[in-house]
1. Of the residues that make up region 197-213, is at least one open to solvent by less than 20 Å² (accessible area, probe 1.4 Å), closer than 18 Å to SER39 by Cβ, of a type in the set (Ser, Thr, Tyr) and touching a helix residue (DSSP H, G or I) at 6+ places or on another chain (Cβ under 8 Å)?
2. Are there any pairs with C-beta distances below 6 angstrom linking a residue in region 242-270 that is over 14 Å from VAL128 (Cα atoms) and open to solvent by 60 Å² or more (accessible area, probe 1.4 Å) to a residue that is part of a helix (DSSP H, G or I) and modelled with pLDDT of 95 or more, with the two at least 6 apart or on different chains, and if so which?
3. Filter region 210-237 for residues that are within 14 Å of PHE134 (Cα to Cα) and in a loop (DSSP other than H, G, I, E, B) and give the result.
4. What's the number of the only condition in (1) small (Gly, Ala, Ser); (2) out of contact with any helix residue (DSSP H, G or I) (no Cβ under 7 Å at 6 or more places or on another chain); (3) under 22 Å from TYR22 (Cα atoms) that ALA125 fails to meet?
5. Check ALA141, ALA161, ALA145, ALA165 and return the single one that is touching a residue at least 12 places away in the same chain (Cβ under 8 Å) and among the aliphatic types (A, V, I, L, M).
6. Take region 67-106 and flag every residue that is part of a loop (DSSP other than H, G, I, E, B), under 17 Å from the mean Cα position of the chain (by Cα) and of a type in the set (S, T, N, Q).
Amino acid sequence: MDPLDRPVDVGALAVPGATLHYEVRGTGPPLLLLCGGNSDAAVFDGLAAVLAADHRVVTVDPRGNSRSKLDGPPVDQSIEVHADDAYRLLERLSPGGAPVRVFGSCSGGLTALELTRRHPERIAALVVHEPPAFGLLPDAAERLAFIERVYETYRREGVGAAMAAFSALFGGRPAPELPEAHDNTAFFLAHMLRPSTGFVPDVAALAPLAGRIAVAGGRDSRMQAVHRPVEVLAERLGRRLLEFPGGHVGYAKWAEEFGGLLRGVLAGLR
């Protein structure tokens, strides 16, 4: 069977202030994939199909993105609330408190770290990939001022101009086109960009759990500003920084290679 032809179970979970759209593939140990930014579950279609060969893979649209509708008008998001959403999803799909495996990328990585801090008993292994924790950097004020300028550009000039400015984080390259159910760029710029990049993981609280956490970055994004926070995070947690295929969203283009490496890393964490 072509991995992309694996059956997908689709569900909805009501949470305070929103209804989450989630998808489940495969059988085996539960594995939650958390995307970030303006992405939705579709960005993980290829990776989830690969990992569903031996995992029960759960993907989800973050609240406010695509099919995870807010109950009211758009509001600024918070990593803490997104972590609560992830926990409620685990309670729905993996009841009984059994620990699960988690992969989080970009702001989904921040959500995964906060989920782990709040509920360490539910996390068997975590791989966090390039979370934009600019507050960890020695030049945090400068980095966050840049984010504020991107936001103000969006307010004055719209999505196109803001994303052109935002591309400086990726070496000046335009953001890659990614699989998505809907375009969430405007919501991201208005309500997710500043809250996510302003969130600082509680590294001191996570340090005792570091043996269960792998810290990863993209092979092709090593020289980009978006990569810098994960270098500091790895150092602060005393973990070797792992290199994964592609750049910031390498899992979308290199699903087979990325999935094989991720499978091995998760299996090695205890």
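The values are calculated or read from the model by the stated rules, or taken from the named source; none is laboratory data. Remember, predicted model here, so these are calculated numbers, not experimental data. Here the Cβ positions follow ideal geometry from the backbone for every residue, glycine too, while neighbour counts run over all protein chains shown. Ligands, DNA and RNA are stripped out before the accessible areas are found, and what is left, the full protein with its side chains, is counted by its heavy atoms. Shrake-Rupley method; radii C 1.70, N 1.55, O 1.52, S 1.80 Å.
1. yes
2. Listed by first residue and then by second, the contacts come to GLU256/VAL50.
3. The answer is GLN224, and nothing else.
4. If we test ALA125 against (1) small (Gly, Ala, Ser); (2) out of contact with any helix residue (DSSP H, G or I) (no Cβ under 7 Å at 6 or more places or on another chain); (3) under 22 Å from TYR22 (Cα atoms), just (2) comes out false.
5. Matching residue, one of ALA141, ALA161, ALA145, ALA165: ALA165.
6. SER68, GLN77, SER78
For (1) open to solvent by less than 40 Å² (accessible area, probe 1.4 Å); (2) more than 26 Å from PRO73 (Cα to Cα); (3) modelled with pLDDT of 95 or more; (4) in a helix (DSSP H, G or I), each residue gets a yes or a no:
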| residue | (1), (2), (3), (4) |
| --- | --- |
| TYR154 | no, no, yes, yes |
| ALA161 | yes, no, yes, yes |
| ALA164 | no, yes, yes, yes |
| ARG173 | no, yes, no, no |
| ALA190 | yes, no, yes, yes |
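Listed here are the residues, each with its yes/no results for (1) of a type outside the set (Phe, Trp, Tyr); (2) buried (at least 17 other Cβ atoms within 10 Å of the Cβ); (3) touching a Phe, Trp or Tyr at 6+ places or on another chain (Cβ under 8 Å).
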residue	(1), (2), (3)
THR19	yes, no, no
ARG25	yes, yes, no
GLY37	yes, yes, yes
ALA42	yes, yes, no
GLY46	yes, yes, yes
ASP61	yes, yes, yes
PRO74	yes, no, yes
SER94	yes, yes, no
